[in-house]
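Q: Quick one: structure below, then a few questions.
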Amino acid sequence: MRDFDLNLVRTFVLLYETRSVTATAESMHVTQPTISYGLQKLRRRFGDELFRRSSGGLVPTTTARQLYEPLHAALSGIEAAVSGARTFDPASAHDAFTLCLSDLGEVSLLPRLMAALRERAPGVTLRVRPLDVVNAADRLGRGEIDAFIASPLLGSQRVTRIPLFTEGYVGMVADDHPRLRGDRARIADLRAERHITVLGPSGHEGPRRALEGLGVLHRVALEVTRFAALPYLVQTSELFAMVPRNAAEVFAAEQRVRLLELPLEIEPVRVSVYARHAHARSPAQHWLVGFMREVLGDEEAPV
């Protein structure tokens with residue numbers, strides 16, 4: 001066992017979780033040949049191929065599946081001990097973290113993070129970048145960002161997903177809308193009014209599907225790419241928008257808009273924080289993920 005060091009254990013576990021030599025190399029900050037060499041040593045040690053290549057990535061063999069749980073448990077124990085020795089103290093830290101957020105995240109989630117950060121880690125800086133759902137997982141793997149928050153359920157094996165919360169939708173109209181009164185819309189209202197919708201890779205497809213189900217897509221008068229534009233467009237028009245509740249409440253507190261409960265069920269959107277696998281996070285990144293989960297989350301999930 002002299003040649004079976006901790007890096008080999010970490011290599012195996014990450015290969016199993018990511019099913020990718022590239023993603024494992026990025027997580028461990030080494031080259032792909034280094035990972036391939038480590039895999040060769042693992043294969044010799046266990047006398048098994050361990051992973052077979054396929055069009056969808058590496059496929060573990062029966063031996064690899066049997067090895068994963070005990071090696072994962074061993075690595076977790078070692079990482080816990082090492083992390084305890086290399087603790088991150090948020091109260092005295094002066095680290096900078098880079099996050100990717102959508103416009104909705106900047107409006108409804110970032111203020112909550114900053115308020116909590118001021119109390120718990122006053123020396124920590126956040127650098128927020130626009131969320132590019134297509135490339136966010138790759139940027140996370142390359143170490144360009146520390147975490148990102150998104151509503152689409154991403155299937156990338158390079159990252160781990162920690163659920164934060166689910167939220168539904170409400171209607172939003174101008175405060176002085178000439179026809180819609182009260183605090184609840186009717187189906188007849190949705191069919192009669194003209195609508196504004198948001199397009200793009202934001203994961204919020206429910207409102208448009210709801211309009212399609214009512215057969216009123218032809219009543220969509222305006223399509224935009226950012227939810228943050230909606231209150232400015234709604235308050236100066238007679239358009240009807242469906243908005244995630246958290247952001248809608250922020251808009252209603254600051255703009256001349258009014259919220260209406262919807263008369264139909266729209267599938268709630270699930271919002272999650274995505275981060276590197278636990279084995280590949282630094283103590284500071286472990287703290288960041290836990291901090292975001294505690295401040296924003298309402299669901300029990302391991303971090």
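Q: Looking at region 121-140, which of its residues are outside any strand (DSSP E or B) and either among the β-branched types (Val, Ile, Thr) or modelled with pLDDT under 95 (or both)? Explain how you work it out, then say what you get.
A: Initial filter on region 121-140 (outside any strand (DSSP E or B)): 121-124, 131-140.
Passing the criteria: Val124, Leu131, Asp132, Val133, Val134, Asn135, Ala136, Ala137, Asp138, Arg139, Leu140.
Q: Among residues belonging to region 260-293 that are in contact with a helix residue (DSSP H, G or I) (Cβ under 8 Å, 6 or more places away or on another chain) and in a helix (DSSP H, G or I), point out the one that is nearest to Thr166 (Cα to Cα).
A: Across region 260-293, the extreme among qualifying residues is Met292.
Q: Among the listed residues Asp138, Asp176, identify the single one that is touching a residue at least 24 places away in the same chain (Cβ under 8 Å) and either surrounded by fewer than 21 Cβ atoms within 10 Å (Cβ to Cβ) or on the phi < 0 side of the Ramachandran plot (or both).
A: Asp176
Q: Here is a further query. Within region 76-120, can you find the residues that are among the polar types (S, T, N, Q), at pLDDT 90 or above and under 26 Å from Asp298 (Cα atoms)?
A: Going residue by residue through region 76-120, those that are among the polar types (S, T, N, Q) are 76, 83, 87, 92, 98, 102, 108.
Within this subset, residues satisfying the condition of being at pLDDT 90 or above are 92, 98, 102, 108.
Those that are among the polar types (S, T, N, Q), at pLDDT 90 or above and under 26 Å from Asp298 (Cα atoms): Thr98, Ser102, Ser108.
Q: Filter region 182-227 down to the residues that are among the hydroxyl-bearing types (Ser, Thr, Tyr) and surrounded by fewer than 16 Cβ atoms within 10 Å (Cβ to Cβ) and list them by number. Walk me through how you get there before you give the answer.
A: Initially, region 182-227 is screened for residues among the hydroxyl-bearing types (Ser, Thr, Tyr), giving 197, 202, 225.
Thr225, the sole residue that qualifies.
Q: How about region 22-44: which of its residues are modelled with pLDDT under 90 and either part of a helix (DSSP H, G or I) or among the small types (Gly, Ala, Ser) (or both)? Before the answer, list the steps.
A: Of the residues in region 22-44, the ones modelled with pLDDT under 90 are 22-30.
Result: Thr22, Ala23, Thr24, Ala25, Glu26, Ser27, Met28.
Q: Follow-up question, since we're still on this one. Given (1) within 22 Å of Arg142 (Cβ to Cβ); (2) surrounded by 14 or more Cβ atoms within 10 Å (Cβ to Cβ); (3) not polar (S, T, N, Q), where does Phe51 come up short, assuming only one miss?
A: Failing condition for Phe51: (1).
Q: Residues that are charged (D, E, K, R) and part of a loop (DSSP other than H, G, I, E, B): does region 244-254 have at least one? First the steps, then the outcome.
A: First, pick out the residues of region 244-254 that are charged (D, E, K, R): 245, 249, 254.
Cutting the leftovers down to part of a loop (DSSP other than H, G, I, E, B) gives us none.
No, that holds for no residue.
Q: Looking at (1) surrounded by 18 or more Cβ atoms within 10 Å (Cβ to Cβ); (2) under 30 Å from Val9 (Cα atoms); (3) without any contact (Cβ under 8 Å) to a residue 60 or more places away in the chain, find the lone condition where Leu230 falls short.
A: If we test Leu230 against (1) surrounded by 18 or more Cβ atoms within 10 Å (Cβ to Cβ); (2) under 30 Å from Val9 (Cα atoms); (3) without any contact (Cβ under 8 Å) to a residue 60 or more places away in the chain, just (2) comes out false.
Q: Moving on. For region 246-268, name all the residues that are without any contact (Cβ under 8 Å) to a residue 24 or more places away in the chain and of a type outside the set (D, E, K, R).
A: Matches in region 246-268: Ala253 only.
Q: Can you tell me how many residues within region 250-269 are of a type in the set (D, E, K, R) and touching a Leu at 6+ places or on another chain (Cβ under 7 Å)? Steps first, please.
A: Quick first cut of region 250-269, residues of a type in the set (D, E, K, R) only: 254, 256, 258, 261, 265, 267.
Next cut, touching a Leu at 6+ places or on another chain (Cβ under 7 Å) only: none.
Counting residues in region 250-269 that are of a type in the set (D, E, K, R) and touching a Leu at 6+ places or on another chain (Cβ under 7 Å) gives 0.
Q: Any chance you could count how many residues in region 142-162 are part of a loop (DSSP other than H, G, I, E, B), of a type in the set (A, V, I, L, M) and within 17 Å of Arg276 (Cβ to Cβ)?
A: Our first condition is that a residue be part of a loop (DSSP other than H, G, I, E, B); within region 142-162, this holds for 142-146, 151-158.
Filter once more, so that each one left must be of a type in the set (A, V, I, L, M): 145, 153-154.
Checking the rest, the ones that are also within 17 Å of Arg276 (Cβ to Cβ) come to 145, 154.
Result for region 142-162: 2.
Q: Mind counting the residues in region 240-259 that are among the hydrophobic types (A, V, I, L, M, F, W, C), surrounded by fewer than 22 Cβ atoms within 10 Å (Cβ to Cβ) and out of contact with any helix residue (DSSP H, G or I) (no Cβ under 6 Å at 6 or more places or on another chain)?
A: Qualifying residue count for the region: 2.
The values are calculated or read from the model by the stated rules, or taken from the named source; none is laboratory data. The structure presented is a predicted model; accordingly, all values stated were derived computationally and were not measured. Positions of Cβ are generated from backbone atoms using ideal geometry, with glycine treated the same way; all protein chains shown enter the neighbour counts.
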